[in-house]
């Protein structure tokens, strides 16, 4: 079965902006850090910097912001995902987002195996979310702004796969 998601004006304004802004900030931060750093630009250094920025800025800061949204704008976020507002499980999602967000931010100070564990755990979390979103699209026709479209394809699928690839490259380079 082929899954096709058409972009409505709502997706273009909100979902696309959210996913693209996080990706752009991540890549811009990485590029600036690489250009302004005095350290040699080895393959290992480039991969580690890119991985650091994906872990901390893209999904670390994203996790903190997701916690904020699920906690303080719970009903609005629920509607944008296609959920029923008022579910007590949304607070549990918020706490999961906060805990993963903190782990990802800690990657600034804690390195090596912590990055691997955080990257793999984050990828499992996001790809699991993607599976749930795709199932909702196929079974329920849930095309809500945060269930389908760019957030699904970029944030829930593209970024975790990128992190897994970067972890694999980093492992091979070491």
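The values are calculated or read from the model by the stated rules, or taken from the named source; none is laboratory data. This one's a predicted model, so the numbers in the text were calculated from it and none came from an experiment. Note: ideal-geometry Cβ built from the backbone for every residue, glycine included; neighbour counts use all protein chains shown.
Of the residues making up region 117-138, none is touching a residue at least 12 places away in the same chain (Cβ under 8 Å), more than 13 Å from the chain's Cα centre (by Cα) and under 17 Å from residue 26 (Cα atoms). Taking the conditions exactly as written (on the phi > 0 side of the Ramachandran plot and exposed (fewer than 15 other Cβ atoms within 10 Å of the Cβ)), does residue 121 satisfy them or not? Here the answer is no, as residue 121 does not meet what is asked.
Of the helices (runs of 4 or more DSSP H) that lie entirely inside region 68-174, those containing 1 or more residues that are over 30 Å from residue 41 (Cα atoms) span 74-81, 89-106, 113-140.
Checking the stated criteria, residue 52 turns out not to satisfy the condition of being part of a helix (DSSP H, G or I), modelled with pLDDT under 95, surrounded by 18 or more Cβ atoms within 10 Å (Cβ to Cβ) and out of contact with any strand residue (DSSP E or B) (no Cβ under 9 Å at 6 or more places or on another chain). Scan region 69-96 for residues that are modelled with pLDDT of 95 or more and closer than 18 Å to residue 19 by Cα and the total you get is 0. Only one entry in 130, 148 is surrounded by 13 or more Cβ atoms within 10 Å (Cβ to Cβ), at pLDDT 90 or above, out of contact with any strand residue (DSSP E or B) (no Cβ under 7 Å at 6 or more places or on another chain) and closer than 27 Å to residue 16 by Cβ, namely 130. Tallying residues that are farther than 13 Å from residue 50 by Cβ and touching a residue at least 24 places away in the same chain (Cβ under 8 Å) within region 24-40 yields 1.
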